[in-house]
Each structure stands twice: as structure tokens, then as C-alpha cells.
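Beneath this line is the structure, given in C-alpha cells, with notes to follow.
The values are calculated or read from the model by the stated rules, or taken from the named source; none is laboratory data. Since the model is a prediction, treat every value here as computed from it, not as a measurement. Cβ placement follows ideal geometry from the backbone for every residue including glycine, while neighbour counts extend to all protein chains displayed. The area values use the complete protein model at the heavy-atom level, side chains included, leaving out ligands, DNA and RNA. Shrake-Rupley method; radii C 1.70, N 1.55, O 1.52, S 1.80 Å.
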Amino acid sequence: MPAHLHITTETASQPECWRRAAEVAADPATVRALPRRGERVAVVGCGTSFFMAQAYARLREDAGHGETDAFAASEMPAGRAYDRVVALTRSGTTTEILELLAALPSDTPTTAVVADPTTPVMGLARDVVVLDFADERSVVQTRFATTAVALLRAHLGEDLDRAIADAERALAEPLPAGIAQRDQFTFLGGGWTTGLAAEAALKMREASLSWAETYPAAEYRHGPIAITDERSAVWVLGTPPDGLEAQVAATGGLWIARDRDPLAELVAVHRLAVDVALRHGLDPDAPRHLTRSVILRSTA
């Protein structure tokens, strides 16, 4: 990837960011700010951060830490009681996040995980975890999103060593042969990786304007496989269902399913998105119609 792109530098820095996230997770102030075992938690975000919220919610429940829901900030049900609400927001300025935090009952514990410590979210959330070392200049999110998930995984007690090593491999090794020449991309996940698969598809749409779709892996056979042909690539983040590889092969689609940490596989998708964007003459740092943060004007 060309070194002059911000997204190139930011993508390459992810393993080191994850190491730093593990250190932040061990800080007593972070431990106090993040959900305690047994709390009923809602995690909210917008765009990429919503997909990371989905991944964390499933991870936390599967780890036995307590009931955890994930919502797009604009879609969180009113009046539902939680022991803590966690907001993931790179910019700290997204309108839906700020409005949600302001509308919550004053006695609801709230935590924001943010990249920029100079933004309005700092005054709305009761607790804040700042990942300023993972902030980005590219409009397209890469390292902040994965670093937030790395932080939350470490807080759940996971050892990130394998994920970091796999991310370094994802940066050093060639992309799957022939994938950048495909015209249609489908990303599949299961459990916590369903959110990662949704994020992978979003990266392809944002950075390279690609036709990219995402499904829970077991749902792919219930209709979506009809779109798959020799122009397609089907990339599984996590463990694929038995028999699915043969079904994709019969369509002519390119199958990718590797024994790597799924968060590290997302790093490889970041590389692919940039590669395809450049092949099409696009600027993956500044996709059309997108801004770093969605700030809505009041209609009142």
C-alpha cells in the first residue's frame, strides 16, 4: 500500500495499538470505567462503532460477564433500564451519541470510549476511556475501531498475544490470490464475528465503492448464496459452517477461511479495501459523501 495514504499508516499501526490497548485495559481507572461482571449493559455506536458494539456485546455475554445489548445510537429503545451504557465514538462529536447520552436518566452510569479527549462527549459521559494513540486522520475508520475491541477483549480477560501476532502476519503476507480482481464481496461471521463481518463489508463499500454484503454464516445458504458466481469472493471471519466451502466452490466463488484471529482478518480486509480502491482510481482516505463525524443540524 502506498505510504502517503493516512489509512495505510493507520492500518499498519494496529498491532502496536492493540498492545497499548492491553496496557490501558489493566489501568485501575479503566477497570473502574468499564462494565463490571454481572452488570446489565447496553453498548451503542454509529456506523463502524455500532458493528464493534455488536462484537463486544456477544463477546461479553459469551464470557459470562452479563446480559449485553448493542444498538445503533439512534435505535436504542427508550425507557429500558441498564446498569451501564457504553458509547463507542472515535470523534466524540457524533450527534446521535451526544443526544442519547444527554437523554439518559442522570443516575445511569455511562462510559465513553473515545479517540479525541477535547470533544463534547467528555462532558456527557460519567467515565471516559481515551484511546488518543489510535485516533485517525483518514475518514475511514481502521485502527480506532479494532483498538476499541482489543481494549474490551483485554478487559474481559483475553490474552491478545495471538491476535497481535496474527495481525502482524495479515500485514506482512500477500492478500489471498485473485481476490482484488473480484467484483463482489461477501463477508460471513458467527457469534461475535458477525459484527466484524458487517464492518468488513462496510470498509469495502466506503473505501472502494465495492458491492459488498454481509450475513451470519449459517444464514448465507438461506438465499444470499444466489448472488455468488465466478466474480465473487466469500470471506469468513471465524469458523465456517460444515459443508459451506463446497457449496461456494460449486458457484465459482473464491472461498477464504483461515485459522487466524478474526480481528486480525479484519486488518487484512483493510488492506484489500485500499488495494481495490487504488485499482479503481479512488482516494480511500476521503470517500465520496462521507465525513469524519456525522454532525446533524438541529431542526428545532
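Assorted remarks:
- Kirkwood Rh in Å, taken over all unlike Cα pairs in the range 9-65: 13.1
- Mean projected area in nm² (Cα convex hull; one quarter of hull surface) for the chain: 15.7
- Descending by average beta-carbon neighbour count within 10 Å, the peptides 100-111, 196-207 line up as 196-207, 100-111, the highest first.
- Relative packing of 89-99, 211-221, which averages over residues the other C-beta atoms within 10 Å, highest first: 89-99, 211-221
- Residues with amide H under 5 Å from that of D69, placed H, sequence gap 5 or more: V41, A42, V43
- Pairwise Cα inverse-distance average, inverted: Kirkwood Rh of the range 116-163 (Å): 12.3
- Close amide H contacts of W211 (hydrogens built in the peptide plane, cut-off under 5 Å, sequence separation of 5 or more or a different chain): F185.
- Counting only protein heavy atoms and a 1.4 Å probe, the range 1-78 has 44 square angstrom of accessible area per residue.
- Stokes-Einstein diffusion coefficient of the range 60-169, Kirkwood radius over Cα pairs, 10 °C, 1.306 mPa s, in µm²/s: 105
- Dipole axis of the range 205-300 (+1 Lys, Arg; -1 Asp, Glu on Cβ), positive-most option in A233, I295, V267: I295
- ³J(HN,Hα), Karplus 6.51/-1.76/1.60, whole Hz, each residue of the range 102-107, x for Gly, Pro: 5, 8, 5, x, 4, 8
- Within the accessible area of the chain (1.4 Å probe), percent carbon and sulfur: 51
- Karplus (6.51, -1.76, 1.60) ³J(HN,Hα), θ = phi - 60°, over the range 218-234, in Hz, Gly and Pro reported as x: 5, 7, 4, 6, 8, x, x, 4, 4, 7, 7, 8, 5, 8, 9, 10, 10
- Full-stretch length increase - H289, R32 - with 0.36 nm per residue and alpha-carbon distance subtracted: 88.7 nm
- Normalised by the number of residues in the range 145-275, the average gap of Cα pairs under 8 Å and 6 or more apart makes the relative contact order 32 percent.
- Karplus 3J(HN,Hα) series, Hz, for the range 83-93 with 6.51 cos²θ - 1.76 cosθ + 1.60 (x for Gly, Pro): 6, 7, 10, 10, 10, 9, 8, 4, 7, x, 10
- Under the criterion of Cα pairs below 8 Å and six or more residues apart, the relative contact order for the range 160-227 equals 29 percent.
- Normalising the average separation of contacting C-alpha pairs (under 8 angstrom, six or more residues apart) by the number of residues puts the relative contact order of the chain at 21 percent.
- Packing rank of 272-284, 8-20, where each peptide gets the mean count of other beta carbons within 10 Å, highest leading: 8-20, 272-284
- Length gained when the stretch R80-D62 is fully extended (0.36 nm per residue, less Cα-Cα span): 4.3 nm
- Debye, to nearest 20: dipole size of the chain, +1 on Lys, Arg Cβ, -1 on Asp, Glu Cβ: 360
- In the context of the full set of protein chains, residues of the range 142-300 present 43 Å² of accessible surface per residue (probe radius 1.4 Å, heavy atoms only).
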